[in-house]
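Encoded as structure tokens, the structure appears first; notes follow it.
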Amino acid sequence: MGRLKRLFIYAGILSLVAFVGKAGFADQAQIGLFTSWTFVKSAMQNYIKAVSNYHQIAIPDQTWSIDQIDWHIQGIKLSSNAVLTNGTLTPSTYTVSASNLGIKVNVKSIWVDQIIHETLNGVTLNIHLKANCGPISLFEPNAQASLLINYKFLPYSVEASASSLKLNWPTKSWVIAPISCQGPIGFASTLTNALQKQLNDPKLVQNFMLQKIDAGLKLGLSAINNKFNVPVTVHLPYFQLPITMKLHKFRTLNSGILISSIVSWPGQPPVYSGPPLPIKQINFNSFSEPVILTNQQDWTSLLKTELNSLSIPIAYNLNKNSLFDSLRSSAFYELFVWPDLLCFHSNSPFTLMINRPHLDSFKWKNNVNFQFSADDRGWVKAFRDGQYWRYLDLSAAAKLNFKPQIRDGLFTAKIAVRKDEINYQFSRGYMARYNSTDQFLNTMYLQNAIANSGAPYTFSFQLPTLGLSFFGTAKFDGIEDSQPNLISIPLKISTP
């Protein structure tokens, strides 16, 4: 019987955390993801560094004409080791620089096959120059870079472009590994000198790096822009409602960026539409880390709707309940606690059937704890003399405390009973058939069952992570009350 109270409690528990990750159709609420400019700057720097550090940037084959020789260069791969510093962020631009930028270039082969015309003492000589060199490795350890990015947050998208990249390095500072060539003697030295001469001008490397950085930025932003107004289902264990969430709008603030989203779920009339976030009343400067913001009343509405989605009646096998099983194992206990059980076979099945609990009287307390009441009706189905009977009618009510906690993506909640009561009566049909039924049921036994189930009950499960494109991957890491009437959920961000 103690399990009866737990079922009433559990039905309420199921809905409390659904707000964090679902969405659907009729009812809806607004939530916000706020990030400070300090975090935006750090995220952009990390992302630009990742974009700039291509392990292998493929550069198209080149032909360089140096001192009448056409050098054909094939299989060019470029990589860099950017250490970004001195990032300057404005409302529309981001400038970042890098010192000691290690640039490596690997070339599969450089070859020459041409006729060179030389005039010596009035005589024109046709010299067939043919050589093949490679592979070739080049390294520039002292390069410096300055990158300018233009960006803007529009209401329904974010745009950015790498508008300029300036590279420079000391003259003849490229380290060129010894070159092996098949061709005229001394050709390797000629090629080394030609490469040093060509690499004195950074424009060739600069242009290709700028193109790659710009393409990488646009690829990352498209991952965000393509999600606007597209419902995305987030799955959580145990829940019934098909809840979805979609990005709705960007908003730039003095202290950072607010991304609003719409959470929706199938509701029942009247349709619920939660209020907008009270942006003008929120002290965004108090949030040093990215945070999810929600209205308290949206939790209440979603909780009730989730509860209404539960399949009823909920069946529970009392024979597997330890308290009920111990009672049935002793005729002595049955006689003094529940004497009518003596009329049943020792293996007779008993099933508890409960309706959908009704939740009410929500009251938010400090530290996101809140109180609510739950009441429900149910009955016990029992097997006697070859048939099932509606045996016992039950009603229960309780006042409950709920204490949620989120740490490193793990949701944990503790629920405790502040006040409860349970009532019973034998059903009319059963009484009409067995009019000599002993209707005594020791109320202390019921109270003990309720007391056992009323002790703090804890449950937990892992929440899904959020993919935030170039911002990284986010875990929910806390739950707090924020003024005015808001719930805030800080995020722990792992860089991409």
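The values are calculated or read from the model by the stated rules, or taken from the named source; none is laboratory data. A quick note: this is a predicted structure, and the numbers were derived from the prediction, not measured. Here Cβ is always computed from backbone atoms with ideal geometry, including for glycine, and neighbour counts include all displayed protein chains. Just the protein is used for accessible areas: all its heavy atoms, side chains included, with ligands, DNA and RNA removed. Shrake-Rupley method; radii C 1.70, N 1.55, O 1.52, S 1.80 Å.
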- prompt: For the range 169-227, how many residues meet the condition of being more than 30 Å from Leu247 (Cα to Cα), among the hydroxyl-bearing types (Ser, Thr, Tyr) and assigned to a helix (DSSP H, G or I)?
  reply: 3
query: How many residues does the range 428-438 hold that are touching a residue at least 24 places away in the same chain (Cβ under 8 Å) and surrounded by fewer than 17 Cβ atoms within 10 Å (Cβ to Cβ)?
result: 5
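Across the range 376-423, which residue is least open to solvent (accessible area, probe 1.4 Å) among those that are free of Cβ contacts under 8 Å to residues at least 24 places away in the same chain and farther than 24 Å from Asn347 by Cβ?
Taking the range 376-423 and keeping what is free of Cβ contacts under 8 Å to residues at least 24 places away in the same chain, we get 377, 385-388, 419.
Filter once more, so that each one left must be farther than 24 Å from Asn347 by Cβ: 377, 419.
Values: Arg377: 158, Lys419: 132 Å².
In this case the residue turns out to be Lys419.
Scan the range 25-38 and tell me whether some residue there is modelled with pLDDT under 80 and either assigned to a loop (DSSP other than H, G, I, E, B) or open to solvent by 10 Å² or more (accessible area, probe 1.4 Å) (or both).
Yes, there is a match, as at least one residue in the range 25-38 is modelled with pLDDT under 80 and either assigned to a loop (DSSP other than H, G, I, E, B) or open to solvent by 10 Å² or more (accessible area, probe 1.4 Å) (or both).
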- request: Just give me the residues in the range 240-283 being part of a loop (DSSP other than H, G, I, E, B), touching a Gly at 6+ places or on another chain (Cβ under 9 Å), of a type outside the set (Val, Ile, Thr) and surrounded by 17 or more Cβ atoms within 10 Å (Cβ to Cβ), in sequence order.
  value: Leu241, Gly267, Leu277
- prompt: Filtering the range 284-311 down to residues that are within 25 Å of Thr473 (Cα to Cα) and exposed (fewer than 15 other Cβ atoms within 10 Å of the Cβ), which residue is modelled with the lowest pLDDT?
  reply: Ser288
statement: Here the qualifying pairs (Cβ atoms under 8 Å; residues six or more apart or on different chains; first in the range 472-492 and assigned to a loop (DSSP other than H, G, I, E, B); second among the charged types (D, E, K, R) and open to solvent by 20 Å² or more (accessible area, probe 1.4 Å)) come out as Asp477/Arg407; Asp477/Asp408; Asp477/Lys492; Gly478/Arg407
task: Tell me, please, whether a residue that is open to solvent by 20 Å² or more (accessible area, probe 1.4 Å), part of a loop (DSSP other than H, G, I, E, B), more than 29 Å from Ser326 (Cβ to Cβ) and at pLDDT 80 or above can be found in the range 442-453.
output: no
message: Among the residues of the range 114-148, what is the count of those that are assigned to a strand (DSSP E or B), of a type outside the set (Ser, Thr, Tyr) and without any contact (Cβ under 8 Å) to a residue 40 or more places away in the chain?
response: 10
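Okay, residues lined up against (1) in contact (Cβ under 8 Å) with a residue 40 or more places away in the chain; (2) under 30 Å from Gly256 (Cβ atoms); (3) in contact with an Asp or Glu (Cβ under 9 Å, 6 or more places away or on another chain); (4) loosely packed, with under 14 Cβ neighbours inside 10 Å:
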position: Leu154; (1), (2), (3), (4): yes, yes, no, yes
position: Ser157; (1), (2), (3), (4): yes, yes, no, no
position: Ala162; (1), (2), (3), (4): yes, yes, yes, no
position: Asn168; (1), (2), (3), (4): no, no, no, yes
position: Lys172; (1), (2), (3), (4): no, no, no, yes
position: Ser180; (1), (2), (3), (4): yes, no, no, yes
position: Gly183; (1), (2), (3), (4): yes, no, no, no
position: Ala188; (1), (2), (3), (4): yes, no, no, no
position: Ala194; (1), (2), (3), (4): yes, no, yes, no
query: Do you know which residues across the range 56-109 are touching a residue at least 24 places away in the same chain (Cβ under 8 Å), of a type in the set (Ser, Thr, Tyr) and in contact with a Phe, Trp or Tyr (Cβ under 9 Å, 6 or more places away or on another chain)?
result: Ser79, Ser80, Ser92, Thr93, Tyr94
- request: Kindly indicate the residue of the range 312-329 that is among the hydrophobic types (A, V, I, L, M, F, W, C) and either over 49 Å from the mean Cα position of the chain (by Cα) or open to solvent by 20 Å² or more (accessible area, probe 1.4 Å) (or both) and also modelled with the highest pLDDT among those meeting that condition.
  value: Ala315
- request: Within the range 476-496, work out how many residues are modelled with pLDDT of 90 or more and exposed (fewer than 14 other Cβ atoms within 10 Å of the Cβ).
  value: 0
task: Residues being open to solvent by less than 40 Å² (accessible area, probe 1.4 Å) and more than 26 Å from His128 (Cβ to Cβ): count how many of those fall in the range 53-75.
output: 3
message: Please go through the range 330-346 and give me each residue that is assigned to a helix (DSSP H, G or I) and either open to solvent by 10 Å² or more (accessible area, probe 1.4 Å) or without any contact (Cβ under 8 Å) to a residue 40 or more places away in the chain (or both), ordered by number.
response: Ala331, Phe332, Tyr333, Glu334, Leu335, Phe336, Val337, Pro339, Leu341, Leu342, Cys343
